[in-house]
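The values are calculated or read from the model by the stated rules, or taken from the named source; none is laboratory data. These numbers were taken from a predicted model, which means no experiment stands behind them. So basically every Cβ, Gly included, is an ideal-geometry build from the backbone, and we count neighbours across all protein chains shown. Ligands, DNA and RNA are stripped out before the accessible areas are found, and what is left, the full protein with its side chains, is counted by its heavy atoms. Shrake-Rupley method; radii C 1.70, N 1.55, O 1.52, S 1.80 Å.
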Amino acid sequence: MRIGILALQGAFAEHTGMLRHLGAECFEIRKAADLNGWEPDGLVIPGGESTVMAKLLYGLKLLTPLRDKIADGLPVFGTCAGLILLAARVEGGAPCFACMDITVKRNAYGRQLGSFETAAQFAGIGEVPMVFIRGPYIVDAGDRVEVLARVDGRIVAARQENMLVTAFHPELAHNERIHRLFLEMAGEYRQKKETRGRRGGSTVPA
């Protein structure tokens with residue numbers, strides 16, 4: 001599988017290392033030209049500084065083509081800042097991709113608990129370690145959103161169709177299970193693409 005990693009800022013290298021370890025082919029996206037001839041099976045939007053990343057996405061003309069791919073069903077995995085960028089509503093900030101039906105609170109844990117580690121149940125996977133670095137959390141989620149994990153009653157992981165988000169950094173916890181889940185999503189997407197391609201290329205006998 002071929003996974004694009006948004007590499008403008010933040011923890012993109014750790015995602016790349018994790019996914020390559022799991023057998024995926026990864027390529028980094030830094031400018032619009034990197035999307036030429038792009039046929040990915042998935043996209044990762046890493047943690048970092050969401051406002052900086054949003055400005056770069058606009059300035060480098062990456063926002064619209066990536067948003068179009070996500071709207072077309074491309075699996076996307078957003079962690080921390082990536083969650084904020086995908087959210088339709090952002091408390092104390094402006095939405096960016098605005099394609100996932102969630103409201104997010106930025107820097108939600110404040111200065112004292114800005115960075116911490118814990119473990120909690122993740123739906124379908126079991127207990128996973130969670131590394132929070134000045135993380136957000138999901139305040140509310142629409143009907144199409146599946147809540148996957150909570151910490152102290154707050155939503156910290158969710159999925160809506162082809163979009164998977166976590167408020168924490170699984171790439172820093174040395175635990176592969178969430179990345180495996182994302183690769184399963186990418187694999188299903190690739191299968192659907194191949195099936196559509198075979199149907200489109202078939203001919204009906206005269």
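Quick notes on this one:
- ALA108 vs. criteria more than 15 Å from the chain's Cα centre (by Cα), modelled with pLDDT under 95 and either of a type in the set (Lys, Arg) or open to solvent by 60 Å² or more (accessible area, probe 1.4 Å) (or both): no
- The sole residue among ALA32, ALA11, ALA71, ALA24 that is under 22 Å from ASN107 (Cβ atoms) and among the aliphatic types (A, V, I, L, M) is ALA11.
- Listed here are the strands (runs of 3 or more DSSP E) enclosed by the stretch 113-206 that have at least 3 residues being over 16 Å from the mean Cα position of the chain (by Cα) and under 25 Å from ARG20 (Cβ atoms): 126-133.
- Residue list for the stretch 146-172, restricted to those being closer than 28 Å to ARG2 by Cβ and open to solvent by 20 Å² or more (accessible area, probe 1.4 Å): GLU146, ARG159, GLU161, ASN162, LEU172
- Being open to solvent by less than 70 Å² (accessible area, probe 1.4 Å), of a type in the set (Gly, Ala, Ser) and touching a strand residue (DSSP E or B) at 6+ places or on another chain (Cβ under 6 Å) is a property that holds for ALA88.
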